[in-house]
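*Asks:* This is the structure I want to talk about, given as C-alpha cells.
Read-outs throughout are calculated quantities, based only on the coordinates presented, and are distinct from any laboratory measurement. In this text the structure is predicted, and so the values were computed from the model without any measurement. Cβ atoms come from the backbone with ideal geometry, glycine included; neighbour counts cover every protein chain shown.
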Amino acid sequence: MFDKAYKTVQEFTFPLIIIARFYDKRVVAEVGNFILLNKDGWLMTTAYHFRYISLYKKHKSEIEEYQIKSKSLYSRKRKSKRQQKKLLKLQISKDWITHYDILFGGINMGIKEYYVFSEHDLALVRVDPKYFDRVEIYPSIRGSSSLKPGIKLCRIGYVCTELNISFDESTNKFSINELPRLSRLPIDGIYTRNVIAGKSRDGNEIVYIETSTSGLAGHEGCAIVDEDGNICAIHSSNLEVSVGLIGIHDKKQKLGNSHLTGIGVHSKTITKLLSSCGIDFKLTGETEPLESEIFTPDESGKVKMTLKVDNEDPKESSENKFLIGSFKSVFIDFGLCLCAFKNSEYIPSGTAVMVGPCLAMTARHVVEDFLRVFDGKKYFEGNPKKDTGTFSTMVINPKSEAKWAVQQFYFLVEGVDVAFLKLAPQNQMAKDRVNIFATIDLSMPKIGDKIFAFGFVDTQTIAEKKSEDHISFGNGMSRSLAYSEGVVKEVHQQYRDLSRLKFPCFQTNARFDGGMSGGPVLNENGIVIGLVCSNLPPSSIEEEHVSYVSLLWSSMLISISLPFPEFELDKDYPVLFLAKHKIINVIGWEKCFLEKNDSGKFVIGFRLD
C-alpha cells in the first residue's frame, strides 16, 4: 500500500544527529530526520532539534557571568561575611551547554541560513547544496484542501536506539566512536483529527495532524505521507490519550492504560511558513488560507544588512537590504583562491580579493610563505619589495571559473600585512570579467562593531561536482569556502606591539581557520575594512577566539606598476594614487597623506575623524 511512498520518501529523507555536551561533561545525543526540499539546499525538520542553539547562547552568557564573578571574589584573600554569602549564592548549573553540534546525514555541513518557529515546531534550514548533488527527486507537499480525517497515512523515517558519541577535551570536538545503527521504519495509521493548540504570538493557528499510531524515538522530523508519497505533515511528537474504563475488578472500576497517538505539523502550516520565508517547494493540490499569513521566527540565522551600491549612502537606503545567506554571494563575486606551485609541488594557501582591473590584494605573510618555501627567501625590514619568484602562482574565482596568473607581488616588509598582486588573465572568463571588484573602507572600526570574514580553507573532501564553494587542485588538495563572524574587541590604530603585530590592526572574537589569511573582513554594509591576519584559538570553553585583522590605510603606501593611461609605464606609484584616480574603489582615501621622513623615504599618515 505504501511501497511507492516508501521508495519516494527515501530519496529526500536523511538522518539527523544532534549532540550536546553539558557543564558536568555529560554528552547527550539523539537521532532525528530532515527532509531536503529543493536544489538550493533548503531542508526542514522539527524546531525541537534546534533547541540547543538558543540554549547554548543563553548558557554561554551565564557561564561568562559566573566566571567573572567567581574570579573577582576568589581573587580576594580575605573575604568578609558578605562576600562569603555572595560566593555561596553563585550557582553552577550542571545543565549548562558548553558545546553542541548538528550533523546532517552524519556530516557537519555548516548552516548557511535558518528559521526556527518553536510554537509551530518547525525549523527551515539551508546548507551547502553540494552535499546533495546526487539527489534528483524532491518532495511534493499535499495541499490542505484535500486533507480530510479518515484517510490512511504513513510516517517514514530513521530511528536509532543507541549512539556511542564522546567528547575529546584536547580538541574540543565530538567523536562518533561507533557508527550508529540506523533503520528507516514506516508506521502507518489513520488521520483521526486536527489538533488545534491555540495561536502563536504572531496570531496564526498552531495546527497539527493526529494519527492513530505513534512514532518511535528518532521519528521526529520525518515525513507523514499519503499513498503517493506526498507530504501531509512532519512528525513532531506523540500524544497520550486515555482509553477510559476497561473492566471491573473486585467491584471497583479500573482505568485502562493510555494510548499513544502521533502528532505532526500540518501541511497548511508548512506551506505558509515556506512561502513566508521565500523558499521554493512543490505543492500538490490547493491549500486553505490561514487567519494570518505573517509568520515571525523566534530564532533566525538570517541577519539583515545593507549593501552599498555606487555612491548611495547605505544608511539612507532601505531598498538595498540583503540577508546573511546572500552575503556569501557578494564575496564569491570578488573572492579569489590562491595556489602556488613548482614542478609537481602545490601549495593551495591563502585567500585574495579582487579590488581593480588585474589587481588583487592578500595578506603579506601568505606571499612571504610562498617565497620562503619555494625560493628560500626571507625578507627583513627595509625598502618596499616586489618579486615574482621562480614558481608560479594562480588565483581562481570558483564561481566564474576565471583564472589569473600572478605576474608580480608588491608589498612592504613592515607597516602592514597586505600585499598586492598584479594579475594576467589565463582564460576567457577572466578576460570577460569587468567591474566586479570589492569596495575598501580605510576608516577605523569601533569597538563592538559586527564584522564578517570569508576565506577558502583546506579540506580533505573533493567534490565530484563543480561548486562555487569548492575548488580542487591537481595534487588532490582542495579548498572550501569558510565564513565567520564576530565583533571588534580592540582597535590598534598604528600597531599592537613592536615585535609581531607592528602594523595597524584590530582584534576580534571571530574564528579564522587556516587558509583564510588574506580573506576580506566586511562590515555590516558589505564593505571590506580589513584582511584576515591571524588567530589564537581559545584554550578553554570560557575563552573566546583572539583573532587579528589588518587595517588597510597603511597599505596605500605600497607602490605598484600598472598599465593605465593616467600613469607612466614601468614606473611605480603608491596605491593611494589608484584610489585618487578611482581605478580602485576606496572610501576614505582623502584622509591619507604622504610625506618624506628624515631619511628621505615616503611615509603615510591617516587623519582620524
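*Asks:* What is the order of 49, 492, 120, fewest Cβ neighbours within 10 Å to most? Write out the running numbers ahead of the final one.
*Replies:* Working: 49 23, 492 17, 120 28.
In order of increasing Cβ crowding within 10 Å: 492, 49, 120.
*Asks:* Plugging the Kirkwood radius over Cα pairs into Stokes-Einstein for the range 3-284, at a temperature of 20 °C and a viscosity of 1.002 mPa s, what D comes out in µm²/s? Each step should come with its number before you reach the end.
*Replies:* Working: Rh = 21.1 Å.
It diffuses with D of about 101 µm²/s by this estimate.
*Asks:* Can you sort 17, 187, 151 by how many other beta carbons sit within 10 Å, fewest first? Please list the in-between numbers first.
*Replies:* Numbers: 17 26, 187 21, 151 12.
Ordered by Cβ neighbours within 10 Å, fewest first: 151, 187, 17.
*Asks:* Across bins of 10 angstrom width beginning at 0, how are the C-alpha pair distances of the range 2-53 distributed, in whole percent?
*Replies:* Percent of pairs per bin, in order: 20, 41, 26, 11, 2.
*Asks:* Related question: Filter 489/591; 422/601; 60/502; 25/502 down to the pairs with a C-alpha to C-alpha distance above 31 Å, please. Before the final figure, lay out the partial values.
*Replies:* Working: 489/591 24 Å; 422/601 24 Å; 60/502 33 Å; 25/502 41 Å.
Pairs exceeding 31 Å: 60/502; 25/502.
*Asks:* Let me ask something else about it. Step through the table entries 69/450; 282/399; 130/399, compare each Cα-Cα distance with 19 Å, and write down the pairs that go over it. Don't skip to the end; give the middle numbers.
*Replies:* Working: 69/450 26 Å; 282/399 28 Å; 130/399 13 Å.
Beyond 19 Å between Cα atoms: 69/450; 282/399.
*Asks:* For each of 134, 372, count neighbouring Cβ atoms within 10 Å of the residue's Cβ, then give the residues from fewest to most.
*Replies:* Details: 134 7, 372 13.
In increasing order of surrounding Cβ atoms, one gets 134, 372.
*Asks:* Next up: Past 32 Å, Cα to Cα: identify those pairs from 94/268; 39/342; 58/199, in the order given.
*Replies:* 94/268; 39/342
*Asks:* Compute the Kirkwood hydrodynamic radius of the range 105-166, taking the inverse of the mean of 1/r over all pairs of distinct Cα atoms, and give it in Å to one decimal.
*Replies:* Working: mean 1/r = 0.0628 Å⁻¹.
Hydrodynamic radius (Kirkwood, Cα pairs) of the range 105-166 is 15.9 Å.
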